[in-house]
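Asks: Structure provided below as structure tokens; questions to follow.
The values are calculated or read from the model by the stated rules, or taken from the named source; none is laboratory data. What you are looking at is a predicted structure, and each value in this text was computed from that prediction instead of being measured. No Cβ is skipped: glycine too gets one built from the backbone with ideal geometry, and neighbour counts run over all protein chains shown.
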């Protein structure tokens with residue numbers, strides 16, 4: 001296939017040393033264009049990516065370079081050569097686009113094990129890796145199969161998550177990620193195991209490093225997150241919505257250069273524990289780090305590039321991990337007296353906006369991206385963006401933000417573990433891309449995150465801000481009981497049965513018509529949905545539950561406006577869910593709700609003065625239900641209501657049989673729980689209306705549900 005005229009011309013503008021290798025094509029618009037042209041575009045995009053990645057391994061000097069680890073925390077490079085091809089096949093088989101596997105052994109041995117390990121979970125297992133020639137033959141077979149698929153698969157635009165073409169684009173973008181990560185591993189290899197290649201020649205430009213200054217970024221609002229009909233491919237964590245107000249801050253004009261970082265090194269920054277977090281100190285001791293990992297000392301400082309060492313280019317950006325960047329900021333704060341730290345993801349987007357950054361569409365770009373200018377970093381003074389430099393490109397920029405999901409986050413069924421394993425608070429986002437970032441990686445919406453000790457082509461810029469970096473919640477509740485109740489309270493409805501906590505709250509509010517609605521008690525509130533619903537009319541609602549874990553979810557929803565949980569599908573398979581007060585129409589209720597741990601059979605005296613007490617599915621789980629019923633009137637105002645809902649499933653594991661309110665023979669006759677309620681409550685309450693049965697459904701897995709009827713009785717507190 002022939003490059004389009006525009007790309008032929010742009011290739012001519014590339015550095016002479018790199019003109020033999022096709023320019024890395026930009027990620028493709030998946031919505032617009034004619035079908036035949038789009039098929040040709042995708043074929044070019046695939047071959048450009050696949051062949052560039054294969055060519056990267058020409059930088060290895062011999063076969064030994066494929067099998068000796070560059071770093072102990074990663075697999076050897078032979079794994080990464082095979083992995084990207086295996087990924088294509090595994091996803092296309094899963095999507096039923098390939099009728100059978102190409103090589104089951106290859107597709108097993110190269111399938112998993114990409115994520116970097118930590119120094120405390122090293123895996124020294126011995127692997128029987130295939131030969132280099134066998135893997136190259138396998139890659140050739142995969143290449144041919146995918147080109148045939150691209151040529152024959154019916155194509156309809158747009159290409160979206162549901163399109164059979166999505167896994168093809170997924171495989172291409174996945175390989176572009178590994179173009180970057182594998183180039184880092186080559187750079188970390190022994191110098192004897194690599195060799196320079198004309199197609200991968202570095203930039204040679206260098207000069208004096210600039211003096212960094214701080215420039216104000218005004219306060220503003222960021223709105224990020226892609227719609228699901230976006231025209232460009234994205235990974236799951238890019239979709240959804242996120243909005244935040246960002247306070248004014250000052251951002252360094254340049255990325256931190258090697259020269260600026262040298263001051264930290266010479267000041268003994270790697271020896272001062274006070275600059276390092278506990279995690280950072282642990283890594284530093286493990287790595288025996290005394291300077292950046294790519295710095296070399298040979299009677300003077302040199303910089304290790306991908307295939308060679310060069311005299312230190314002091315005006316290039318320093319390349320470090322998060323821990324080193326963070327320690328530098330602590331030192332810089334001590335030196336300047338300013339509140340220096342790394343930017344958050346939101347602050348980076350504010351900087352992009354203020355600098356006038358838009359998606360890179362030209363070739364070559366006005367940024368060190370896409371391998372447009374050479375196979376290395378370049379001076380931090382070369383690419384100006386507004387008042388700053390290198391807001392995108394040159395090296396990735398570490399942020400303070402651990403990766404987290406946006407509201408309405410979903411996982412793609414073909415790659416359900418791309419992002420979710422990183423929602424652990426241990427993977428921080430990097431933004432902006434590096435000299436080799438291409439395709440999806442080079443777009444502003446890209447959200448890649450790595451463990452904080454990990455090395456990428458990454459550096460940093462610092463900011464000065466009086467405001468602490470807020471840490472978003474990326475945790476997904478996984479406790480089985482908690483996730484079932486989170487779904488029961490805030491999730492979907494099933495089989496046409498209304499959400500039970502909401503239905504009870506609606507019934508309670510209807511029963512309160514004409515009565516005061518000052519304060520309500522939601523007793524046995526679990527995750528708190530009824531509490532929020534009652535707050536639509538009540539001035540104050542207190543939710544009380546015996547379970548601290550249930551209360552924690554309610555507090556999380558009240559404070560953050562959302563809860564996240566994984567939901568069992570079948571066996572070990574789960575789906576990931578985010579539920580928000582906003583989507584439930586309850587965002588204005590959170591300020592009127594508070595949650596507390598407590599025992600319904602032994603409530604503290606201050607729980608009193610209520611116009612309503614709701615006890616939902618509670619009494620048949622109490623160890624002393626009669627004690628509760630005999631004393632609850634003391635906590636309710638005259639004319640106030642007590643609403644009891646229960647399926648009356650008495651079990652001795654919860655309630656000793658002698659404490660049951662009903663469900664047994666008394667004087668030889670059936671004695672129901674309703675009989676027991678009347679006997680216990682009639683001295684202080686009157687039954688307002690006939691009992692009614694309210695159904696509810698609890699989802700256990702995608703194939704198993706509990707359908708239950710809860711009997712609801714409404715009792716009015718008699719005057720004292």
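Asks: Does residue 335 fit the bill of being assigned to a helix (DSSP H, G or I), surrounded by fewer than 22 Cβ atoms within 10 Å (Cβ to Cβ), in the same structural domain as residue 426 (by TED's automatic domain parsing) and on the phi < 0 side of the Ramachandran plot? Before the answer, list the steps.
Replies: On the way: assigned to a helix (DSSP H, G or I): yes; surrounded by fewer than 22 Cβ atoms within 10 Å (Cβ to Cβ): yes; in the same structural domain as residue 426 (by TED's automatic domain parsing): yes; on the phi < 0 side of the Ramachandran plot: yes.
When the stated conditions are applied, residue 335 passes them.
Asks: Kindly establish whether residue 705 is assigned to a strand (DSSP E or B) and touching a helix residue (DSSP H, G or I) at 6+ places or on another chain (Cβ under 6 Å).
Replies: no
Asks: Looking for something outside any loop (DSSP other than H, G, I, E, B) and under 41 Å from the mean Cα position of the chain (by Cα) - is there at least one such residue anywhere in the range 647-661? Don't jump to the end; show me each part of the working.
Replies: Just the residues of the range 647-661 that are outside any loop (DSSP other than H, G, I, E, B), to begin with: 657-659.
Now restrict to residues that are under 41 Å from the mean Cα position of the chain (by Cα): none.
Scanning the range 647-661, I find no residue that is outside any loop (DSSP other than H, G, I, E, B) and under 41 Å from the mean Cα position of the chain (by Cα), so the answer is no.
Asks: Sort through 210, 164, 158 and tell me the only one that's farther than 26 Å from residue 35 by Cα and assigned to a loop (DSSP other than H, G, I, E, B). Full working, then the answer.
Replies: Details: 164 fails: farther than 26 Å from residue 35 by Cα; 158 fails: farther than 26 Å from residue 35 by Cα.
One residue alone meets the criteria, 210.
Asks: Continuing with the same structure: For the range 366-375, does any single residue satisfy the condition of being in a helix (DSSP H, G or I) and closer than 16 Å to residue 460 by Cα?
Replies: Keep residues of the range 366-375 that are in a helix (DSSP H, G or I), which gives none.
The answer is no; no qualifying residue exists.
Asks: Additional query: Just wondering, is there one or more residues in the range 109-128 that are out of contact with any strand residue (DSSP E or B) (no Cβ under 6 Å at 6 or more places or on another chain), part of a helix (DSSP H, G or I) and at pLDDT below 95?
Replies: Within the range 109-128 (the criterion being out of contact with any strand residue (DSSP E or B) (no Cβ under 6 Å at 6 or more places or on another chain), part of a helix (DSSP H, G or I) and at pLDDT below 95), the answer is yes, since at least one residue qualifies.
Asks: Restricting the search to the range 662-691, which residues are loosely packed, with under 13 Cβ neighbours inside 10 Å, within 51 Å of the chain's Cα centre (by Cα) and free of Cβ contacts under 8 Å to residues at least 24 places away in the same chain? It would help to see each step written out before you state the result.
Replies: Keep residues of the range 662-691 that are loosely packed, with under 13 Cβ neighbours inside 10 Å, which gives 665-670, 682-683, 686, 689-690.
With the extra rule that they be within 51 Å of the chain's Cα centre (by Cα), the set shrinks to 689-690.
Residue satisfying the conditions is 690 alone.
Asks: Does the range 620-629 hold any residues that are in a helix (DSSP H, G or I) and surrounded by fewer than 21 Cβ atoms within 10 Å (Cβ to Cβ), and which are they? If you could, list the steps in order and put the result at the bottom.
Replies: The first filter runs over the range 620-629 and keeps only residues in a helix (DSSP H, G or I), leaving 620-621, 625-629.
Result: 620, 621, 626, 627.
Asks: Looking only at the range 271-292, count every residue that is in a loop (DSSP other than H, G, I, E, B) and either within 28 Å of the chain's Cα centre (by Cα) or without any contact (Cβ under 8 Å) to a residue 40 or more places away in the chain (or both) and tell me the total. Write out each step before concluding.
Replies: Taking the range 271-292 first, the residues in a loop (DSSP other than H, G, I, E, B) are 271-272, 276-277, 288-292.
Now restrict to residues that are either within 28 Å of the chain's Cα centre (by Cα) or without any contact (Cβ under 8 Å) to a residue 40 or more places away in the chain (or both): 271, 276-277, 288-292.
Final tally of qualifying residues: 8.
Asks: Mind checking whether some residue in the range 511-520 is touching a helix residue (DSSP H, G or I) at 6+ places or on another chain (Cβ under 6 Å), buried (at least 20 other Cβ atoms within 10 Å of the Cβ), assigned to a loop (DSSP other than H, G, I, E, B) and assigned by TED's automatic domain parsing to the domain that holds residue 582? First the steps, then the outcome.
Replies: Taking the range 511-520 first, the residues touching a helix residue (DSSP H, G or I) at 6+ places or on another chain (Cβ under 6 Å) are 520.
Now narrow it down to the ones that are buried (at least 20 other Cβ atoms within 10 Å of the Cβ): 520.
Pick out the ones that are also assigned to a loop (DSSP other than H, G, I, E, B) and you get none.
No; the residues of the range 511-520 include none that is touching a helix residue (DSSP H, G or I) at 6+ places or on another chain (Cβ under 6 Å), buried (at least 20 other Cβ atoms within 10 Å of the Cβ), assigned to a loop (DSSP other than H, G, I, E, B) and assigned by TED's automatic domain parsing to the domain that holds residue 582.
Asks: Ok, one more. Pick out the one residue from 692, 720 that is in contact with a strand residue (DSSP E or B) (Cβ under 9 Å, 6 or more places away or on another chain) and at pLDDT below 95.
Replies: Working: 692 fails: at pLDDT below 95.
Being in contact with a strand residue (DSSP E or B) (Cβ under 9 Å, 6 or more places away or on another chain) and at pLDDT below 95 holds for just one of 692, 720, which is 720.
Asks: Could you list, in sequence order, all residues of the range 528-563 that are surrounded by fewer than 22 Cβ atoms within 10 Å (Cβ to Cβ) and in a loop (DSSP other than H, G, I, E, B)?
Replies: 536, 537, 539, 546, 547, 561
Asks: Of the residues 663, 640, 668, 609, which single one is farther than 23 Å from residue 514 by Cα and touching a strand residue (DSSP E or B) at 6+ places or on another chain (Cβ under 9 Å)? If you could, list the steps in order and put the result at the bottom.
Replies: Working: 640 fails: farther than 23 Å from residue 514 by Cα; 668 fails: touching a strand residue (DSSP E or B) at 6+ places or on another chain (Cβ under 9 Å); 609 fails: farther than 23 Å from residue 514 by Cα.
Exactly one residue qualifies, and that residue is 663.
Asks: How many of the residues in the range 379-437 are out of contact with any strand residue (DSSP E or B) (no Cβ under 9 Å at 6 or more places or on another chain) and either in a strand (DSSP E or B) or assigned by TED's automatic domain parsing to the domain that holds residue 93 (or both)?
Replies: Count: 5.
Asks: Checking residue 591 against (1) surrounded by fewer than 19 Cβ atoms within 10 Å (Cβ to Cβ); (2) within 29 Å of residue 711 (Cβ to Cβ), which single condition isn't satisfied?
Replies: (2)
Asks: Would you pick out the residues in the range 638-658 that are under 21 Å from residue 501 (Cα atoms) and surrounded by fewer than 20 Cβ atoms within 10 Å (Cβ to Cβ)?
Replies: Once the filter is applied, which keeps residues that are under 21 Å from residue 501 (Cα atoms) and surrounded by fewer than 20 Cβ atoms within 10 Å (Cβ to Cβ), the range 638-658 yields 647, 648, 649.
Asks: Taking the range 460-487 on its own, how many of its residues are part of a loop (DSSP other than H, G, I, E, B) and more than 27 Å from residue 706 (Cβ to Cβ)?
Replies: Pass one, the range 460-487, residues part of a loop (DSSP other than H, G, I, E, B): 460-462, 465-476, 478-479.
With the extra rule that they be more than 27 Å from residue 706 (Cβ to Cβ), the set shrinks to 460-462, 465-474.
Number satisfying all stated conditions: 13.
Asks: Quick check, is residue 632 in contact (Cβ under 8 Å) with a residue 24 or more places away in the chain and buried (at least 19 other Cβ atoms within 10 Å of the Cβ)?
Replies: no
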